[in-house]
Amino acid sequence: MRAVFGVLGPVSAWDDAGEPIALKGPRHRAVLARLIVARRRVVPVGHLVDDLWEEPPAGAVSAVRTFVAALRRALEPERPPRAPARLLVTEGPGYALRAEPDAVDAWRFERAVTATATLPPDDALVRLDEALGWWRGPGYAEFAEAPWARAERAKLAELRLHVVERRAGSRLALGLAAEAVPDLDAHVTEHPWREEAWRLLALALYRTGRQGDALAVLRRARALLVEQLGVDPGPALRQLEADVLDQAAHLDVAHPDVTHLDAAGPVAAGPVAAGPVAAGPDAERPSGVAPAPASEVRPAPGPDAPDPAGAAARVWARAAADYDRAVSAGARARLESTVGLLRNLALTGGEGLEAAREHRVAAVAAAEELGDPELTARVIGAYDVPAIWTRADDPEQAARIVAAAERTLAALPAPGHAAARARLLATIALETRGTRSPTDPPEAADLATLAATGSPASAAPASRPPAPQVPAPQAPAPRAPRAAREAEEIARRLDDPALLAFALGGRFMQCFERAGLAPDRDAIGVELVALSARHGLVAYEVLGHLIRVQARSALADFATADRHAAAVDRLADRHELPLVGVFTQWYRALRLAATGHPTGPEAEAAYRAAAARLDGAGMPGLERGLLPLALLCLWLTREDQGAALPAARGADRIAARSTDWGPYAPWVRPLALLTDGRRAEAATALRAAPPPPHDLLYEALWCLIGRAAIGVGDRTVIRLARSQLLPADGELAGAGSGLLTLGPVAHHLAALDAALAEPEGS
């Protein structure tokens, strides 16, 4: 058996099949770790005794020999009795671990880093990514206080920090500045004394079109060094600041600015804040501990493994305390940092999402009070949280954000600030969902006005023309779609993947100007998934998959929708995104309603379970009225399919005055009045209902309007509903929401055609 060892994290060992080797208690692991630190050299027994105990007990030498014997049995279980050990050997006055050079992850890490010094940036980036993936936590994690481990831990920690910076340099050399920013931002937060890290972060920001951010970073670094250490920035930082101010041409060119390490080890680029290295998102996989063929093996944590949650809490507490000390209370950088925190908080859902919305408005207001439009643009644009639902959770707050974005756009000095402008435009598109901008002409207040201005056809044609030949009588809101298009054009011109993902999210929110646009939204989802997977934009990769779930559901392609729902669940599980499960659970209820037995109770039970998941999710714009609407659509679909259900049951659901239909009440009320036998009131309520907003339930609400129009015999509204639904002839009504459906739009169009074919007044 070949044993491999891991010290880039808790001290561990695995066999050649990747299975963990039991190392027993902490002193056994301490002996093993001490021998690994010695790097194949002999450690005398007396030194082991001194290293294991501050005050060695009587019999300490015998105890060490017992620990060694147990380790030998674990590491070489197939060694015959009395046969000499080949791995943990006795030599002279002590013991040595004769591990192969690639059998210890720390040794392999050092060799890999040294080997990349002469590689081109693309090859170096691959090797550096792989090497950093071997880290499972701080080196020799459970021996942080041991004097014999201190030098080795410091050496490995310093080497890792240099590798993070070299990887960023490789990305810059390859023109991947946007990819370098997040890691560098976290890196300087945790290690604020590293001047090279600040230099790389500022350069990466500049190359992504964020000149103001780059200068802010450089000035933050200067303030930190002067106020905390009493030293001026080094020549590299000073030169970069001058170059940014001059907009030096060479800054825009990706070039091999990777710092090199020679075989003797790293050379510090600035003052070093030594400390433990936080485990990355894949810390549970010791891909560098086993030989290359076994790189995907995941050993189970042992009983003495450290508590990851506790380690994360300690890192958070230290970083927060250091930030409070380093950044003054009135510093503008605090606003930007706050928005980054709120962005992550929003993805947790529930109270986190509600708090993020509230604090976001306060942050924008604080930025505007400072009178710096560039700062305000960064604060507004940094909250690039993907959104899948087209109805705002807090319309008043959304309107305030849009108004601030418009003011900031007008105040930004021109020319320049292209990336900031794109983020502001994408914000306008994203927050103006299902509504019109205050600067747009008012839309029709009710269906009666819309019917009069829309001038629907006076008679139904014998056969339905293709969808593109039918113009929609209501024009889309012009400002938000225009903002979405402009943001996308800028992002593509800048070749900024993160900015493009944000802009595509805004375009998705504006892809509802008429019915039947599921294929267009599907194309947005396809690009988002590919773009985000390529550049590690997890939240937007989730958004892309959810858009495809919705679009493929509208097109009745549930096999494809299933695959994307499964992909969403995998990403949510890996990256701790609890809010995402709300949408996949609702999708599965929709799928059951669309493809299951119409008379069975399964779909109704699935909808009720999905609605329970919404409780406390922090999305009132989605929650209110959704379950009654979904059950109404389920009952109406069953009725259309001729299901033998008690008539009173469905009628009671529609007419029940205690039902909270939420924002959908105007389009359900005419049906409720009809069911209650109040036909004249239903006709009045129908004409008074507002046109449905251009959102994910656009087709479903027009189908409800069409049913009520048929019920009261309003031929004008029947024609209006028909003209609105005709472009979606091949879709499932409402299924584009990923939540509910009223069945094929074609069936509703057929009913509308049949009603128009009857003699007037019959």
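Computed from the coordinates by the stated procedures, all read-outs in this text should not be read as laboratory data. What you see is a predicted model; the values in this text were computed from it and never measured. Note that each Cβ is placed from the backbone with ideal geometry, even for glycine, and that neighbours are counted across all protein chains shown.
Dipole magnitude for region 535-625: computed about the Cα centre from +1 point charges on Lys and Arg Cβ and -1 point charges on Asp and Glu Cβ, it is near 120 debye. Which shape class, rounded, prolate or oblate, goes with region 683-762 when its Cα gyration tensor gives a ≥ b ≥ c as root eigenvalues, a/c under 1.5 marks rounded, and past that a/b bigger than b/c marks prolate? Here region 683-762 falls in the oblate category.
Dividing the C-alpha radius of gyration of region 571-628 by 2.2 N^0.38 Å, with N its residue count, gives 1.20.
Could you tell me which of rounded, prolate or oblate describes region 519-581, using a ≥ b ≥ c as the square roots of the eigenvalues of the alpha-carbon gyration tensor, with rounded for a/c under 1.5 and, failing that, prolate when a/b is larger than b/c and oblate otherwise? Here region 519-581 falls in the oblate category. Under 5 Å between amide hydrogens, built in the peptide plane, is the criterion, and for Tyr95 it picks out Val43, Val45 among residues at least 5 positions away or on other chains. Region 728-762 and region 201-219 have Cα centres spaced 54 Å apart.
Under a model in which nothing but the beta-carbon of Lys, Arg (+1) and Asp, Glu (-1) is charged, region 13-112 shows a dipole of about 280 debye around its Cα centre.
Compactness check for region 81-151: Cα Rg over 2.2 N^0.38 Å is 1.50.
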